[in-house]
Amino acid sequence: MNNYLNSEQWFEVVNYKEYLYVIRERLDEIDPRFYTTYTNLYLVMGSHSALLIDTGCGLFPLKPIIDDLLSERELLVINTHSHFDHIGGNNEFNKIFIHSKEVKYVSEPFDITFLQNSPKEIVKRYQSKNYTLRPAKNIQAIKDEEIIDLGDISIEVIHTPGHSPGCISLLTNKSELFTGDTAHYGMMYLTKKTFPIILSSISKLIDLYKKSENIELYPSHEQFAVGKELLVDLSEGIKNIDNIWDTKIRDDFLEAWIIEDEIFKYAIF
Ligand SMILES: [Zn+2]
């Protein structure tokens with residue numbers, strides 16, 4: 001039995017490295033129909049500032065959890081992209097950075113009535129918000145190659161469209177690569193007509209290994225601290241989808257085709 005009563009019980013906080021927290025929430029506890037177990041948020045702690053990567057589903061307040069970890073640092077908040085499971089807590093923070101192509105989606109209330117008939121009771125917590133996520137108060141557009149300075153840690157923005165037009169990945173000068181929803185294990189959400197776009201984004205990420213073989217991947221869903229093989233296998237997997245297209249199954253909730261290989265699941269729109 002899972003009885004989540006407050007933020008402390010809901011969010012799992014892992015102090016994975018001295019300067020890196022992984023803050024996880026269970027997407028399957030909100031709605032298992034997304035075939036996704038975990039959403040991962042990350043907090044990178046520089047000497048003068050910290051960067052929060054994504055704000056989760058907005059089911060429980062996130063800011064108190066983050067404030068407890070900051071100790072005097074200034075907080076910056078960025079969204080890897082504008083889907084509901086990454087922007088839910090945006091309204092709790094003063095300012096949100098997001099790629100210019102998705103500014104409009106976080107500027108207005110976000111309708112999540114599609115969660116209303118989730119089999120999980122906990123979604124009733126959204127009733128008080130009328131199944132709407134409140135927008136960010138203040139939004140600042142970012143673009144490819146911009147550098148975010150946290151003091152001793154700097155982070156480069158890498159535009160990796162495909163899952164959505166303004167998806168970004170983030171590379172620290174200590175070789176952590178946050179891949180957002182561009183690459184993760186589990187269920188990948190893709191649009192057939194954007195296969196070439198996501199494939200070129202994935203190869204852009206693989207190319208980063210030419211500069212540093214030590215890069216470690218921190219995706220926004222499922223396992224974190226994984227290796228280059230995620231990118232290589234995913235790229236091969238997407239290229240192979242046409243060959244296994246006959247095995248697809250219709251999913252009426254997602255309104256997508258579900259297809260599976262040995263490593264990944266795909267929801268194809
Ligand atoms: Zn996601």
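In order along the stretch 142-149, the phi-based Karplus estimate (6.51 cos²θ - 1.76 cosθ + 1.60, θ = phi - 60°) of 3J(HN,Hα) comes to 10, 9, 3, 6, 5, 10, 9, 9 Hz; Gly and Pro are listed as x. Only helices enter the 222 nm calculation for the chain: every DSSP H run of n ≥ 4 contributes -39,500 (n - 2.57), and dividing by all residues gives -4500 deg cm²/dmol, rounded to 500.
Dividing the mean sequence gap of close Cα pairs (under 8 Å, 6+ apart) by how many residues the chain holds gives a relative contact order of 14 percent.
Set against the 2.2 N^0.38 Å expectation for a compact globular protein, the chain has a Cα radius of gyration ratio of 0.96. Using all pairs of distinct alpha-carbon atoms, the Kirkwood hydrodynamic radius of the stretch 1-77 works out to 13.1 angstrom.
Rounded, prolate or oblate, given the Cα gyration tensor of the stretch 112-269, with a/c below 1.5 counting as rounded? Cα axes put the stretch 112-269 in the oblate bin. Projecting the Cα atoms of TYR105, ASN138, TYR126 onto the charge dipole of the stretch 87-148 (Cβ charges, centred on the Cα centre) puts TYR126 farthest toward the positive pole.
In order along the stretch 14-31, the phi-based Karplus estimate (6.51 cos²θ - 1.76 cosθ + 1.60, θ = phi - 60°) of 3J(HN,Hα) comes to 10, 7, 6, 9, 3, 10, 9, 9, 10, 10, 10, 9, 8, 5, 5, 6, 7, 7 Hz; Gly and Pro are listed as x. Placing unit charges on the Cβ atoms only, positive for Lys and Arg and negative for Asp and Glu, gives the chain a dipole magnitude near 640 debye about its Cα centre. A simple count of charges around TYR42, restricted to other residues whose Cβ falls under 11 Å of its Cβ and scoring Lys, Arg +1 and Asp, Glu -1, yields 0. Annotation: peptides 231-240, 104-113, ranked by per-residue average of other Cβ atoms within 10 Å with the highest first, follow the order 231-240, 104-113. Amide H to amide H distances under 5 Å link LEU41 with ILE23, ARG24, GLU25, where only residues 5 or more positions off or on other chains count and H is placed in the peptide plane. Using the Cβ of THR160 as centre and a radius below 13 Å, the other residues enclosed give a net charge of -3, where K and R count +1 and D and E count -1. Summing +1 for each Lys or Arg and -1 for each Asp or Glu among the other residues whose beta-carbon sits under 11 angstrom from that of THR172 gives -2. Evaluating 6.51 cos²θ - 1.76 cosθ + 1.60 at θ = phi - 60° for every residue in the stretch 166-181, the Karplus couplings come out as x, 5, 10, 10, 9, 10, 8, 6, 10, 6, 8, 10, 8, 9, x, 9 Hz, glycine and proline recorded as x. Which distance in Å, rounded to a whole number, links the C-alpha centroids of the stretch 210-264 and the stretch 12-62? So the two Cα centres are separated by 21 Å. Backbone amide hydrogens, once placed in the peptide plane, bring LYS248 within less than 5 Å of nothing, excluding anything fewer than 5 places away on its chain.
Just so you know, all these numbers are worked out from the coordinates, no wet-lab data involved. On a predicted model such as this, the values are computed, not experimentally measured, just so you know. In this analysis, Cβ positions are derived from the backbone assuming ideal geometry, glycine residues included, and neighbour counts consider all displayed protein chains.
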